[in-house]
Amino acid sequence: MLIHSASQLLTLSGGPQRGKALGTLNIIEDGAVLIRGEKIAAVGKSADLRRAYPDETALDASGCVVLPGFVDPHTHIIWAGDRAAEFEMKMGGMHYLDILAAGGGIISTVRRTRQASLETLLDETRPRLARMFAHGTTTLEAKTGYGLQTESELKLLAALLALDAEGPWEIAPTFLGAHAVAPEYKDNPQAYTDLVCSEMLPAVHEWWQAHHAPSSMVHLPFVDVFCENKAFDLAQSRQILTRARDLGFPLKIHADEFDNLGGASLAVELGAASADHLVKTSQTDIDALGRSDTVAVSLPCTPFGLAESEYTPAKKIIEAGGILALATDCNPGTTWNESMQFVIALACRAMKLTPAQAIAAATINSAHAIRRADRIGSIEPGKQADLLVLDVPDYRHLGYRYGTNLVRQVVKRGRVYSVDGNALPA
Ligand code: NIG
Ligand code: FE
């Protein structure tokens, strides 16, 4: 298939973008992409590719922007129920962490999720994935973390693998048994930390080997920790992540969402794939990120969702030479947003990114945050054919416009899915 005549083809070629290089879109005007099977076979000017491949099935992208599918590198997409009532409490003045400490928050979703059957979990999650996909997310990371006991956490991992197999979306799974202290260990967080290390991590490792993970999953799932006051302190986070690393798991961390505990520097020290949230991050942590290959994942929808005014110091991270990425953090508590388009719009305003910087952070750099930048995140020959046709003539409409869906077609592994997210049904 030949997608041709795109007013702008954003290739994002050249690999992850560090520091001030962020925002290098490498645009081909009047661009075309040749797709063979699941992969990109050629990229160039429409005139050249149409001449070289005259008999190819054609998809006319006149007046449209073509870009890589969004990669959402931080979501908590698998849960049961909702927390609409808590949203009202928060808007009434109660703090997120106080709701958590009172047995609500994450723990209330844990109760619902533990009770839910695998079928229920799949049925509740599938529509969210479908909406993400229709808004242009072709690959997402997804965390467990609403089980907080071995069996329930494995159920969530199984659900994520089942949803990945269903497609068309692709899911990079993460084990987040250390999302909160399980209610059974409310008064003894250290005992729960020890349980994660001695029982859960080895169980996940064993389960993964036994379940023959699909070949698209090149490594074990990521292991993540919520490093935060009222969750896991720095020493406990270190204990969990070190144990995980010793078992061979790649690492991630939730750091500095509410307090600066040093989680980002820990992530760098342990060679984590990413450190995420990064709102209260100190200059020392920023410098450490800037010198490292650990991706700084900003989740601007989280402060927005909590009606807080402070965001990731993205400019400082760029200044320090860090690799900045963007994600939704989609979850039932702090931010239920499924659209990377909205993340881009918010990142531009709240963190003063340019549209080009936000787009790179939501594609090639976010692919790097889940260690898949060799396969997705840009439009280059040999890469998987994951791309979007946007119903806009210029890439700057991304960020500029928000609240409606700009996607006209999603191409995933070479297959075209039409989206009708704005129009009335025919
Ligand atoms: O990334 N911070 C921890 N986890 C989520 C919130 C999860 C929830 O509230 O259910 C986050 O914001
Ligand atoms: Fe999160």
Checklist line | Residue satisfying condition, being under 30 Å from Lys316 (Cβ atoms) and not small (Gly, Ala, Ser), within set Leu34, Leu10, Leu49, Leu2 | finding: Leu10
Item checked: Hits in region 71-120 (condition: more than 25 Å from Val297 (Cβ to Cβ), aliphatic (A, V, I, L, M) and either at pLDDT below 90 or crowded, with 18+ Cβ neighbours inside 10 Å (or both)) -> Ala80, Ala101, Ala102, Ala116
Note to self: Let me confirm something: among Leu278, Leu270, Leu261, which residue is touching a residue at least 12 places away in the same chain (Cβ under 8 Å), crowded, with 16+ Cβ neighbours inside 10 Å, away from ligand 1 (no atom under 16 Å from the Cβ) and among the hydrophobic types (A, V, I, L, M, F, W, C)?
What the structure shows: Leu270
Check: Can you list the strands (runs of 3 or more DSSP E) found entirely within region 315-426 that contain at least 1 residues being surrounded by 24 or more Cβ atoms within 10 Å (Cβ to Cβ) and modelled with pLDDT of 95 or more?
Finding: 324-326, 387-390, 407-412
Next item on the list: Scan region 299-314 for residues that are in a helix (DSSP H, G or I) and either of a type outside the set (Gly, Ala, Ser) or within 14 Å of ligand 2 (Cβ to nearest atom) (or both) and report the count.
Entry: 5
Checklist line | Output for region 91-120, where each listed residue is away from ligand 2 (no atom under 16 Å from the Cβ) and within 29 Å of Ala358 (Cα to Cα) | finding: Met91
Item checked: Search result, residues across region 301-319 that are among the aliphatic types (A, V, I, L, M) and away from ligand 1 (no atom under 14 Å from the Cβ) -> Ala314, Ile317, Ile318
Notebook entry, point to check: What pairs come up if the first residue lies in region 334-354 and is within 16 Å of ligand 2 (Cβ to nearest atom), the second is of a type in the set (Asp, Glu), and their beta carbons are under 6 Å apart, counting only those six or more places apart or on different chains?
Noted result: Thr335/Asp329; Met340/Asp72
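The values are calculated or read from the model by the stated rules, or taken from the named source; none is laboratory data. Keep in mind that this is a model prediction, so the values were computed, not measured. Positions of Cβ are backbone-derived with ideal geometry, glycine not excepted, and every protein chain shown enters the neighbour counts.
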